[in-house]
Amino acid sequence: MTDSILLFKFVLAIVTFAISLGVAAYATYGERKIAGLFQDRLGPNNAGPWGLLQPLADGGKMFFKEDFIPAASEKFLFILAPGIAMFTALMTSAIIPWTSPILISGALYQVQVADIDIGILYSLGFVSIGVYGIMIGGWASNNKYSLMGAIRASSQMISYELAMGLALLAVIMMSGSLSLNDIVAAQKGSFLGFLPNWNVFKQPVGFLIFLICAFAETNRAPFDLPECETELVGGYHTEYSSMKLGLFLFSEYINMFISSAIIATVYFGGYNLPLIGRFVTDPNALAAIGFAVFFAKILFFIFFYMWIRWTLPRFRYDQLMHLGWKSLIPIAIINLLVTGAVLILKDYL
Amino acid sequence: MGVSEILAYALGIISVASALLVVFSKNPIHSVLYLIITFFSIAGQYVLLNAQFLFIVQIIVYSGAIMVLFLFVLMLLNLNKDTEPQKSNLFKFISIITACSLFISMIAMVKGVGNLNLPSEPDSQIGLVKNLGMVLFSKYVIPFELSSVLFISGMVGAVMIGKKETHDIN
């Protein structure tokens with residue numbers, strides 16, 4: 001029994017790893033196609049049918065570029081930094097519940113690599129150490145622009161982490177658990193009779209705060225100040241070339257995928273689809289539908305990230321800090337207090 | 001030796017070695033990076049004890065927030081051999097004495113604890129959030145509330161100091 005669980009988790013970990021990389025690779029393709037759509041161009045269309053082989057061509061190009069290490073850099077840290085960025089980006093996928101339990105030869109298996117007690121805090125923790133890749137890379141390059149990018153990344157990360165944690169606390173208070181499985185399970189059923197019981201309808205303010213913070217934490221436009229090319233050449237990866245640059249860029253897409261998955265899990269019911277339980281009862285069919293629904297939600301948020309990027313101009317750095325400290329954190333604290341008050345009042349009504 | 005014992009020893013060696021490197025490295029940024037490794041290896045010990053909440057709090061608070069601030073400040077200061085302030089011998093002498101007395105008091109503490117009477121079958125569920133929360137909000141509620149007051153006074157103090165400086169510039 002334990003052996004079969006171990007084998008299942010091992011296979012699942014490898015599949016999760018492969019899916020993260022695959023989605024991230026095709027997110028780069030999607031990004032360019034969507035940019036094309038928004039700017040009335042075609043986007044990549046030469047490599048393969050509809051340009052579908054473009055990510056492979058990009059990867060091949062990255063590998064064959066000259067790998068340059070500046071003479072005045074800290075060599076070991078310079079090489080380590082992209083690895084840290086990639087590692088932390090991939091680690092977060094361990095706690096995402098992909099779908100409802102599946103039935104294999106009479107036993108139910110959770111489709112989640114690590115069902116830990118503190119799932120949501122784990123994701124926050126690994127998001128916060130993700131900045132080390134950027135900081136170490138920026139510092140080790142021994143370049144003013146890289147250092148500026150690294151410093152911007154770290155202060156941005158610390159500022160937005162607070163509001164993000166406070167927004168999540170309201171959800172944790174409502175579901176009474178830190179485990180992502182329990183948070184998804186608490187979103188079954190309906191709310192007010194006609195809406196699905198998703199946290200986004202109960203915590204609209206918290207959701208908006210979380211979404212804005214997720215943009216800042218993944219360094220995506222309009223908050224991509226650490227790599228702001230109009231001010232900092234290339235930001236923290238100015239000195240990077242070849243696949244090291246590739247890893248930095250790629251880890252951004254993986255972060256985007258994972259944070260979309262977390263948004264879908266925490267605020268949009270995860271793998272829940274309203275009313276599906278009335279028509280389908282077989283656990284494996286339910287799991288398949290759940291996985292498809294969950295993926296549709298994730299892909300929508302990846303699209304949303306790109307939609308925002310190609311629509312809004314970049315913030316100025318002081319505006320970014322003001323938004324984080326003077327707007328988002330106070331609103332998040334008020335949201336938390338209101339949630340607490342409502343939860344207490346509900347018991348007396 | 002079981003797997004967890006080997007891991008515990010390995011993590012212990014890593015934390016002691018990197019803690020020594022914190023002190024001995026010349027470059028302050030390297031010191032901070034070794035300190036981060038120390039914190040991670042301590043977090044690893046918490047995982048082995050199934051203290052999941054302590055593990056993640058160690059990572060979020062120490063590795064994620066405090067050390068990022070340390071790195072941030074050091075990168076801004078950009079310390080290197082040319083700009084390093086020369087410390088006088090008196091200063092070095094005082095620091096050696098302080099460090100030695102701290103070490104002696106720590107040894108005295110370890111000796112003073114005596115027989116701990118550890119349970120032979122420890123409760124592996126004690127470190128989970130639910131049990132920890134129950135204990136914090138019932139048995140240890142007064143120390144918990146007092147430490148939160150301490151944190152608030154620290155925050156207020158930090159805001160006061162920050163405000164004063166901007167006032168002077170304006």
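Using 0.36 nm per residue, how much length does the chain from residue A:6 to residue A:230 gain when fully extended, once their Cα-Cα distance is taken away?
Extra length from residue A:6 to residue A:230 when fully extended: 75.7 nm.
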- Take the Cα of residue A:19, step 7 Å along the line toward its Cβ, and report every residue of segment A:272-312 whose backbone nitrogen sits under 17 Å from that point. A:272-273, A:284-303
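Given the Cα-Cα distance of residue A:307 and residue A:109 and 0.36 nm per residue of separation, how much length would full extension add, in nm? Walk me through the numbers before you get to the answer.
Values: separation 198, 0.36 × 198 = 71.28 nm, distance 3.64 nm.
Length gained, residue A:307 through residue A:109: 67.6 nm.
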- Message: Could you check the spin-label model distance between residue A:42 and residue B:7? Points 7 Å from the Cα along Cα→Cβ, value in nm.
- Response: 5.4
- Using a simple spin-label model with points 7 Å from Cα along the Cα→Cβ vector, what separation in nm is obtained for residue B:138 and residue A:64? 6.8
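Send over the per residue convex hull volume for chain A, Cα only, as a whole number of Å³.
On the way: hull volume 56.5 nm³, N = 349.
About 162 Å³ per residue, rounded to a whole number.
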- Give me the distance in nm between label points sitting 7 Å out from Cα along the Cα-to-Cβ direction at residue A:333 and residue A:300, one decimal. 3.4
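Can you give the FRET efficiency for residue B:97 and residue B:17, using 1/(1 + (r/R0)^6), R0 = 25 Å, r = Cβ-Cβ distance, to the nearest 0.05?
That gives a FRET efficiency of 0.45.
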- Item | Area buried, chain B against chain A - accessible surface, total, 1.4 angstrom probe, square angstrom | 2000
- Task: Pop the C-beta distance of residue A:292 and residue B:105 into the FRET formula with R0 = 45 Å and round what comes out to the nearest 0.05.
- Result: 0.15
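Rank these residues by their accessible area, most exposed first, probe 1.4 Å: B:163, A:297, A:202, A:9. Let's see the in-between values first.
Working: B:163 135, A:297 25, A:202 70, A:9 50 Å².
Solvent-accessible surface, decreasing: B:163, A:202, A:9, A:297.
Say the cut-off is 30 Å between C-alpha atoms; which of A:9/B:139; A:9/A:33; A:65/A:297; A:202/A:297; A:33/A:326 go over it? Write down the numbers at each step before the final one.
Values: A:9/B:139 38 Å; A:9/A:33 35 Å; A:65/A:297 36 Å; A:202/A:297 18 Å; A:33/A:326 36 Å.
As for pairs spanning more than 30 Å Cα to Cα, those are A:9/B:139; A:9/A:33; A:65/A:297; A:33/A:326.
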- For the protein assembly as shown, whose charge dipole is built from +1 on Lys and Arg Cβ atoms and -1 on Asp and Glu Cβ atoms, the candidate among B:23, A:210, A:177 with its Cα farthest towards the positive end is A:210
- Note on the structure: Magnitude of the Cβ-charge dipole (Lys and Arg +1, Asp and Glu -1) of the protein assembly as shown about the Cα centre, nearest 20 debye, reported as 460
- Task: Would you mind classifying segment A:221-335 by shape? Square roots of the alpha carbon gyration tensor eigenvalues, ordered a ≥ b ≥ c; an a/c under 1.5 is rounded, otherwise it is prolate if a/b is larger than b/c and oblate if not.
- Result: oblate
- Before rounding to the nearest 500, sum -39500 (n - 2.57) across all DSSP H runs of length at least 4 in the protein assembly as shown and divide by the residue total; then give [θ] at 222 nm in deg cm²/dmol. -22500 deg cm²/dmol
- How large is ³J(HN,Hα), in whole Hz, for each residue of segment B:92-109 in order, when computed from phi with the Karplus curve 6.51 cos²θ - 1.76 cosθ + 1.60 and θ = phi - 60°, using x for Gly and Pro? 4, 4, 4, 5, 4, 5, 4, 4, 5, 5, 4, 4, 4, 5, 5, 4, 4, 5
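The values are calculated or read from the model by the stated rules, or taken from the named source; none is laboratory data. What you are looking at is a predicted structure, and each value in this text was computed from that prediction instead of being measured. FYI the Cβ positions are ideal-geometry reconstructions off the backbone, even for glycines, and counts take in every protein chain you see. These accessible areas exclude ligands, DNA and RNA; they are computed on the full protein's heavy atoms, side chains included. Shrake-Rupley method; radii C 1.70, N 1.55, O 1.52, S 1.80 Å.
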